[in-house]
Amino acid sequence: MNIKKIHHVAYRCNDAKETVAFYRDVLGMKLVLAIAEDEVPSTKEPDPYMHIFLDAGQGNVLAFFEIPNSPAMGWDPNTPRWVQHIAFELGSLEELMAAKERVEAAGLEVVGPTDHGIFKSIYFFDPSGHRLELAANTVEDGMLEELAKVAPDMIDAWARTKKAPHHAAWLHNGQPFAEFMAEKYGAGEK
């Protein structure tokens with residue numbers, strides 16, 4: 001199998017028109033296309049829907065279904081609301097701060113910016129209650145390689161203990177990455 005990219009990611013929305021307006025006006029996305037049917041093509045169920053597709057940049061497509069004959073949208077009560085979210089990448093910290101102002105000017109409550117060590121981000125909700133994240137990379141040379149190197153051991157440690165392993169604690173403990181690398185590998189080694 002040779003997966004080339006994600007074709008689109010689809011979520012449910014309460015109102016297709018309101019959703020298009022939000023993503024267009026607040027996030028600057030363009031409506032690419034809309035598909036409406038009275039029958040679900042894959043299952044042949046009689047269930048009218050509106051399926052909208054939005055340009056999320058660089059060939060990425062975010063899609064939504066409005067399905068008015070189904071029960072009201074709900075959320076998994078066993079999963080915290082912060083877990084499931086859609087994250088979009090911006091080009092710089094300056095763009096992130098300008099986006100924060102734009103989102104707040106639209107009357108939305110914004111959390112952040114939050115520092116994740118390799119990027120900073122803000123969080124807010126769309127009109128249907130989907131949590132959105134806007135992120136700007138702050139990664140330094142060597143960080144992603146170090147994270148990739150320790151990822152398998154972190155997964156193994158997590159599988160055994162279900163406690164956060166500390167292989168990448170430098171992401172959130174305030175220790176500069178260069179200092180961490182010097183301590184771990186010694187001067188001049190990597």
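None of the figures in this text is laboratory data; all of them are computed from the coordinates on show. Owing to the predicted nature of the structure, the values given are computational and were not obtained by experimental measurement. Here the Cβ positions follow ideal geometry from the backbone for every residue, glycine too, while neighbour counts run over all protein chains shown.
A few points about this structure:
- Cα gyration tensor, the stretch 67-118 - rounded (a/c under 1.5), prolate or oblate: prolate
- Counting only residues at least eight positions apart within a chain, or on another chain, the aspartates and glutamates with an alpha carbon under 16 Å from that of Lys163 are Asp153.
- Only Lys, Arg, Asp and Glu carry charge here, each on its Cβ (+1 for the first two, -1 for the last two); on that basis the stretch 1-158 has a dipole of about 240 debye about its Cα centre.
- Extended-chain gain in nm, criterion 0.36 nm per residue less alpha-carbon gap, Asp156 and Ala182: 6.9 nm
- Longest stretch of the chain clear of exposed loop sites (chymotrypsin sites (Phe, Trp or Tyr not before Pro), DSSP loop, at most 12 other Cβ atoms within 10 Å, sites excluded): 83-190.
- Within straight-line cross-link reach of Lys120, aspartates and glutamates at Cα separation under 16 Å, skipping those fewer than 8 residues along the same chain: Glu89, Glu94, Glu95, Glu101, Glu133, Glu140
- Prolate/oblate/rounded label for the chain (Cα gyration tensor, a/c 1.5): prolate
- Net +/- balance of residues flanking Ala164 in space, Cβ distance below 15 Å, scoring K and R +1, D and E -1: +1
- Comparing Ala16, Ala135, Ala106 in a Gaussian network model of the chain (Cα springs below 10 Å), the most mobile by mean-square fluctuation is Ala106.
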